[in-house]
Amino acid sequence: DATEFTFAEVDTYIAANNARDMVLVANPDYPTVSTETSFPINVNLSDTCNAYYDYSSINFYSSGGGCNNTAFSVVVHHEYGHHGVACAGSGQGEYGEGMGDVMGVLITGDPHQARGFYQGDCENGIRNADNTLQYPCSGGIHHCGQVISGCVWDSLITVEAAFPGTGYD
């Protein structure tokens, strides 16, 4: 069954487990995540062009309105990143958005968030960690979250330059 809906189910399962595994490799005792074995993921919801974390699940919309189904890799990493932020006791806002993007950057090694989010555009993402944003930032929480992802991306590039072959170039 090679439909958008089946792919959404499989992709979110794989991507969420990749994100969870990354968290647990960094900290096997990470609050909540270390003992959580049944975290809900809802896919193919009847809206478009978004995904969200609601403190009890991650949620993804079907295709439409110029967007592809949002239940795929880096979008899942981002939303799971919100879960990690919440489980650690931190607030969301710009920090949560930035750390969600950081989760995607660390897993994929790609500064572009959600390449393929928009139908017909597999080149560009919805945000980019390869940026020059500075604090303080003026703009919405997704825009200003790129300050954090930009710092992480710059750090990864610096490490790669100093220690070639570490994976990010």
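The values are calculated or read from the model by the stated rules, or taken from the named source; none is laboratory data. Computed from a predicted model, the values in this text were never measured in an experiment. All Cβ positions, even for glycine, are placed from backbone atoms using ideal geometry, and neighbour counts span all protein chains on display. Surface accessibility is based on the protein's heavy atoms, side chains included, excluding ligands, DNA and RNA. Shrake-Rupley method; radii C 1.70, N 1.55, O 1.52, S 1.80 Å.
Here are a few things to note about the model shown:
- Solvent-accessible area, 1.4 Å probe, carbon plus sulfur percent, for the chain: 54 percent
- Remark on the chain: CYS87, CYS122, CYS151 stand apart, with no other cysteine beta carbon under 4.7 Å.
- Full extension of the chain segment joining ASP47 with THR6 gains 13.1 nm, where the gain is 0.36 nm per residue of separation less the Cα-Cα distance.
- Per residue, in Å², the accessible surface of segment 16-150 once ligands and nucleic acids are set aside, probe 1.4 Å: 46 Å²
- Taking label positions 7 Å along the Cα-Cβ direction at both SER57 and SER38, the computed distance is 1.4 nm, reported to one decimal.
- Taking a point 7 Å out from the Cα of ASP130 in the direction of its Cβ, the residues of segment 93-113 whose backbone N falls within less than 14 Å of it are 105, 109-113.
- Applying 0.36 nm per residue to the separation of SER138 and THR166 and subtracting their alpha-carbon distance, the gain on full extension is 6.7 nm.
- Charge dipole (Cα centre; +1 on Lys/Arg Cβ, -1 on Asp/Glu Cβ; no other charges) of segment 6-115 amounts to roughly 100 debye.
- Packing-based order for 117-128, 57-68, using average beta carbon neighbours within 10 Å, highest first: 57-68, 117-128
- Inter-label distance, LEU24 to ASP154: 3.5 nm, where each label sits 7 Å from its Cα along the C-beta direction.
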